[in-house]
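S.K.: My questions will all concern the structure given below.
All of the numbers you see were taken from the coordinates with simple rules; none came from a lab. Quick caveat: nothing in here was measured; it's all calculated off a predicted structure. Neighbour counts run over all protein chains shown; Cβ positions are idealised from the backbone, glycine included.
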Amino acid sequence: AAPGPSLSGSIHLRNVLGELESIGASVSWDARVYRKGTENPSNSLVFDVSKPFPVESIAVARGKAGIWTVNNEARSSYVLKATGAEIDLVSSKGLGTLTFESTLRELGELSDGASVKVREEAGSSWKQALRHAMVFDQRDDPLLPKTGTYAAVESEIAGMFTGDIRFLKQQLDLQYHISNAAEYATLSA
């Protein structure tokens with residue numbers, strides 16, 4: 001890809017109504033020439049809102065909505081356009097974060113070198129997913145840990161309610177940090 005201009009910016013307003021809420025917007029634009037004579041920028045416009053709740057079991061509710069265009073012509077021979085929204089509920093009892101996402105995606109502008117799999121996936125699709133994430137962090141320092149353990153678990157199920165994308169995804173990240181007198185060692189899976 002030839003070098004091209006890029007721009008990004010964001011604004012976040014905190015405690016606007018005096019109740020610890022946060023309102024924000026971000027925009028990004030990145031133009032690179034991938035095919036001779038064409039310019040398909042990657043860009044996004046995202047709005048987000050966060051509000052703490054005095055309810056005992058919910059610490060924060062967050063909402064996000066936006067539109068995205070991701071130019072993957074250089075790596076995967078397509079352009080992805082998406083419009084979507086998600087709502088997060090963060091537990092105050094250590095039960096993690098529950099997220100509902102709804103996104104309409106359009107996979108198109110295929111180049112001549114697009115793979116068979118990319119051509120099969122081309123067109124419009126609607127993803128509705130429910131995601132749950134939990135993190136247990138007992139490390140002494142989150143950036144440069146010397147001792148402690150860390151575990152992150154994320155489960156996502158799509159297509160349970162509506163939408164034409166269906167899958168179940170599980171992710172697990174484990175770390176165990178130990179120290180000895182000479183050096184520090186990290187086991188990570």
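S.K.: So for the pair residue 146, residue 122, with labels modelled 7 Å out along Cα→Cβ, what separation do we get in nm?
M.R.: In this crude label model, residue 146 to residue 122 measures out at 5.7 nm.
S.K.: Students often get this wrong, so check it: of 81/146; 51/117; 93/117; 64/146; 93/127, which have C-alpha atoms separated by over 32 Å?
M.R.: 81/146; 51/117; 93/117; 64/146
S.K.: I would also like to ask the following. Could you give each residue of region 9-15 its phi-based ³J(HN,Hα) in whole Hz, using Karplus coefficients 6.51, -1.76, 1.60 with θ = phi - 60°, and x for Gly or Pro?
M.R.: x, 8, 9, 9, 10, 10, 6
S.K.: At R0 = 25 Å, how high is the FRET efficiency between residue 21 and residue 56 if r is their beta carbon distance? Nearest 0.05 is fine.
M.R.: Working: r = 19 Å, r/R0 = 0.76.
About 0.85, to the nearest 0.05.
S.K.: Along the Cα→Cβ direction, 7 angstrom out, place labels at residue 12 and residue 100. What is the inter-label distance in nm?
M.R.: Reported label-point gap for residue 12 and residue 100 is 2.5 nm.
S.K.: At a 10 angstrom cut-off on C-beta neighbours, averaged per residue, how do the peptides 58-68, 9-19 rank from highest to lowest?
M.R.: 58-68, 9-19
S.K.: Length gain on complete extension for the stretch residue 93 to residue 156, per 0.36 nm per residue less the alpha carbon to alpha carbon distance?
M.R.: Contour length minus Cα-Cα distance gives 20.6 nm.
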